[in-house]
Each structure stands twice: as C-alpha cells, then as structure tokens.
Amino acid sequence: MYIVTLKDGLKNSNLEGHLDDLRAAYDSTVDFAGIEAFKGETYGYLGYTGTFTPEVVHFIRNQTAVESVEQSKTKNFDEVLNEPGTDSRVEDDLKFVTEPVGLQRRAGQEVTQRVAPHNLRDISHRFALRSWEPSFLYKYYYNTEAGSDTYAYVVDSGVRITHKQFEGRAEHGWSPFRDQEDRKGHGTHVAGIIASKTYGVVKKARIISVKVTQEGAIADHILMKAVNWIMKDVQDKGRIGKAVINMSLSVGRSESLDRLIRKAFDAGVLTVAAAGNKGDCDLVSPADSPKALTVASINTDWSVATFCKLRSTVALFAPGAQIRSLTNRSDSGYVKKTGTSMAAPHVAGLVLNAMSVHGIRGAQQITDYLKKTATSGQIKGDLNGLPNLVANNNNPKQRRMCDTGSEAADVSG
C-alpha cells in the first residue's frame with residue numbers, strides 16, 4: 001500500500017485529473033476500486049492511497065502534481081503501547097463511589113468534585129500530592145460548562161459507547177472495520193479520561209470513536225483515512241473550534257501523516273499525541289509530528305515517569321501512572337492503566353476545556369494557552385531539557401494558594 005500526497009495549492013479537480021491520467025496509462029494493471037482519494041481541498045490536503053507495482057509508483061512520482069509517494073508502514077498495536085504496570089482487574093464503580101460522586105456547587109459555575117481521582121486533582125492544582133495526604137481529601141476543581149458543545153475524536157481501538165459513565169454522549173464514527181467493538185480496552189479507557197462523568201476532565205464533551213485497529217495491527221494509511229474522515233466530519237458539521245483529535249498510539253515516522261496533521265492544525269483542529277513509552281522507535285508519527293501537541297507522563301509525586309519516552313517534541317506533561325478510567329468489559333466498571341497513552345487524553349480534555357470555558361479558538365492559540373497556563377517548574381527528575389510544564393485546567397479556585405504551597409481555606413461549601 002502506498003500513500004500519494006499532492007502539492008499544496010491544488011484543488012479537488014486537480015486530484016481527479018491526476019487520477020484520470022493514471023487510469024489512462026494503467027487502466028488494466030491498477031486496482032482503481034481499491035484507491036481511496038483524500039479530497040481535502042477545504043482544509044488543504046489532497047492525496048490518495050492504493051496498491052501499485054514499482055512501474056506505476058515510478059510513473060506517479062514523475063507527475064507534476066505529486067509532492068511525495070510513501071510506502072505505508074504497519075506496527076503491532078501492543079508493541080506500540082508497551083504499557084507498564086497496567087492493572088487488568090475490572091471493578092464496578094458502585095463499590096467505590098456513590099452517586100453523584102460528591103459534586104458541590106460554588107457561586108457561579110465553579111464546582112468541586114470531592115474524593116476525586118488523583119490525576120484530576122493534579123490537573124487542577126499547582127503542586128504535587130503530599131505523601132501524607134489521604135485520597136478522600138483529593139478535589140478536582142472545574143467549571144460546569146467544561147466540554148459543553150465540544151467533540152473529542154478518539155483515534156484508537158474503539159470505544160464502549162454504552163458505558164454508563166458516558167451518559168449517552170459517546171458514538172461511533174468512522175472505521176475500516178464492520179465491528180466497532182473495542183476489543184483491546186485501550187480506546188474506552190482513553191475516552192473515559194477525556195469525558196466520563198466521574199473520571200473525565202471535561203464531563204459534558206461528546207466522544208466520537210474512530211476505530212483504527214482490530215486485532216493488533218495499525219497502519220499509517222489507516223490513520224490517514226481516519227484523520228481525513230475526521231476533518232470532513234468536523235467541517236461538514238460546523239465543529240471547527242469545537243473539536244480535538246486524540247491519538248494515544250503511533251506508527252513509524254510518516255511524512256504523509258505529519259503533513260495531514262499540519263493541514264488539520266492550520267484549519268483549526270489540534271491533534272494531541274502520546275509521547276510513547278520506552279521501547280518505541282526513535283521517530284514516530286504522530287508524536288514527532290511538528291504540529292501535534294505531544295504529551296509525556298508524570299507519576300503521582302510529579303516525578304518524570306521512568307517508562308516515558310522523552311522526545312524533543314514533548315510540549316507538556318500530564319498524569320499517566322495508575323489512571324482509573326472505564327473498562328471495555330462492562331457498562332459500569334473501571335480499570336487502572338499506566339502509560340503516556342493515559343497522559344495524552346488529559347490534555348485533549350484540556351483543549352476542549354480551553355474552548356468551552358475560556359473561549360480560546362485556533363490550534364496555535366490553544367497550544368500557546370495550554371503552555372502559558374501549565375504549572376511550571378514543579379516536575380522532579382531529569383527532563384532531558386524538555387519544558388517543565390504540567391498541564392492544568394486554569395480553574396480560578398486553585399489561585400487561592402498560600403506562598404508556602406499550602407491550600408487556602410476551601411470556600412466551596
């Protein structure tokens with residue numbers, strides 16, 4: 001399988017004309033039914049995928065409209081994840097929390113989630129947990145409008161959209177597979193970190209599942225098709241400024257995928273990528289894509305996670321150790337997982353928070369905002385020269401801090 005990218009500035013008609021030329025030259029040798037065209041004139045990307053002989057590839061490369069021809073690469077999904085310390089046990093929510101999970105209103109739209117998961121506590125505080133601090137004191141400060149009228153496109157193993165924690169806010173989007181079921185549990189867990197009622201960063205956001213792997217293989221041409229579908233869906237439904245793409249996965253470095261992510265960025269849709277765990281190859285997409293927002297992981301004490309791949313493209317750190325979120329095995333349970341795959345969706349949620357609560361629009365503007373409002377200088381350990389920034393939701397409650405780093409009196413009621 002090959003990925004063909006056309007030059008910038010062309011139109012859908014140029015792509016159609018190029019394919020007509022290809023058909024005229026190789027009508028009997030090319031499977032044109034297997035060609036999938038990316039007619040992305042509205043967001044700046046034109047190209048297609050297909051299976052071609054070396055002779056045909058040579059012909060395509062020499063066409064004036066063509067920018068690049070790249071052979072698609074496939075990786076094993078489990079090898080890509082390489083997740084450490086994952087707890088595969090499934091527990092039922094009701095054993096550990098009571099409805100409605102201790103939410104208490106303050107004046108206005110700010111609320112406090114009491115007995116919150118440690119990771120939500122971390123992205124709404126400016127300092128790490130103290131060793132003596134019991135979990136029943138953990139609080140998550142957030143705005144009731146967080147996630148309202150926004151959409152997270154989760155490019156992953158699928159999502160169990162019937163899970164009660166989604167409250168009907170999750171749906172299936174595009175997939176090359178007839179079966180939309182999440183067989184791995186990875187995508188459901190990621191989606192839960194973004195938008196589930198108890199464990200989610202933005203509790204009103206909608207989840208769009210974009211399933212790109214079935215039994216373990218993941219290919220960059222499939223990711224290309226996924227992002228192209230997302231861009232069409234976002235534009236057709238008027239969701240520019242309301243949508244984010246989360247990719248807690250990777251393939252080998254793909255210039256075509258990087259280019260597509262850049263075009264999505266320029267059109268206003270930001271892609272959040274997991275940095276990857278130890279064992280990943282040196283260069284991968286989307287984590288090394290210049291226009292992706294790449295996220296690495298910290299432990300509960302805000303030390304750099306030893307399993308984390310410290311790429312030069314990392315822009316932010318987020319919690320990634322023993323993160324509690326949804327399971328794919330039932331409609332009411334949770335499971336704990338560890339890895340940068342868990343860190344990235346925190347930031348995807350914060351992208352939607354920036355849109356829905358703070359009114360920030362534009363991929364570059366949101367990237368700048370999240371860096372500016374991140375907690376600075378609190379990560380412990382060797383960051384390999386990377387920014388010492390922990391992603392934060394910039395809720396005003398956390399500003400009530402003493403100079404010593406202790407929290408002022410809680411007036412949330």
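A few remarks follow.
- For the stretch 64-76, the count of residues that are within 30 Å of residue 214 (Cα to Cα) and part of a loop (DSSP other than H, G, I, E, B) is at least one.
- Options 288, 282: the member that is without any contact (Cβ under 8 Å) to a residue 60 or more places away in the chain, in a loop (DSSP other than H, G, I, E, B) and within 18 Å of the chain's Cα centre (by Cα): 288
- Criterion violated by residue 251 - all others in (1) in contact with a Ser or Thr (Cβ under 7 Å, 6 or more places away or on another chain); (2) under 29 Å from residue 204 (Cβ atoms) satisfied: (2)
Every residue, every condition in (1) surrounded by 13 or more Cβ atoms within 10 Å (Cβ to Cβ); (2) not hydroxyl-bearing (Ser, Thr, Tyr), yes or no:
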residue: 11; (1), (2): no, yes
residue: 27; (1), (2): no, yes
residue: 31; (1), (2): no, yes
residue: 44; (1), (2): yes, yes
residue: 48; (1), (2): yes, no
residue: 53; (1), (2): no, no
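The rows are residues; the columns are (1) buried (at least 18 other Cβ atoms within 10 Å of the Cβ); (2) out of contact with any Asp or Glu (no Cβ under 8 Å at 6 or more places or on another chain); (3) part of a loop (DSSP other than H, G, I, E, B).
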{"residue": "306", "(1), (2), (3)": "no, yes, yes"}
{"residue": "311", "(1), (2), (3)": "yes, no, yes"}
{"residue": "342", "(1), (2), (3)": "yes, yes, no"}
{"residue": "346", "(1), (2), (3)": "yes, yes, no"}
{"residue": "355", "(1), (2), (3)": "yes, yes, no"}
{"residue": "359", "(1), (2), (3)": "no, yes, yes"}
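- Flag if residue 203 is closer than 17 Å to residue 334 by Cβ and surrounded by fewer than 23 Cβ atoms within 10 Å (Cβ to Cβ): no
- Of all residues in the stretch 229-282 being among the small types (Gly, Ala, Ser), closer than 18 Å to residue 72 by Cα and crowded, with 22+ Cβ neighbours inside 10 Å, the one that is modelled with the lowest pLDDT: 250
- The residues of the stretch 370-393 that are basic (Lys, Arg) and free of Cβ contacts under 8 Å to residues at least 60 places away in the same chain, listed by number, are 371, 372.
- Pairs, first basic (Lys, Arg) in the stretch 44-68, second buried (at least 17 other Cβ atoms within 10 Å of the Cβ) and not in a loop (DSSP other than H, G, I, E, B), C-beta under 8 Å, six or more apart: 61/69
- Members of the stretch 1-37 found to be within 36 Å of the chain's Cα centre (by Cα), part of a helix (DSSP H, G or I) and aromatic (Phe, Trp, Tyr), listed by number: 32
- Scope the stretch 113-127; condition closer than 14 Å to residue 320 by Cα, in contact (Cβ under 8 Å) with a residue 60 or more places away in the chain and surrounded by fewer than 23 Cβ atoms within 10 Å (Cβ to Cβ); matching residues: 118
- Tally of residues being surrounded by 24 or more Cβ atoms within 10 Å (Cβ to Cβ) and not small (Gly, Ala, Ser) across the stretch 181-197: 7
- All of (1) at pLDDT below 95; (2) outside the structural domain of residue 258 (by TED's automatic domain parsing); (3) surrounded by 15 or more Cβ atoms within 10 Å (Cβ to Cβ) hold for residue 82 with one exception: (2).
- Among residues of the stretch 313-340, those that are part of a loop (DSSP other than H, G, I, E, B) and closer than 24 Å to residue 268 by Cβ, counted: 1
The values are calculated or read from the model by the stated rules, or taken from the named source; none is laboratory data. Treat the numbers as computed from the prediction; the structure is a model and nothing was measured. When we count neighbours, we look across all protein chains shown, and the Cβ atoms used for this are built from the backbone with ideal geometry, even at glycine.
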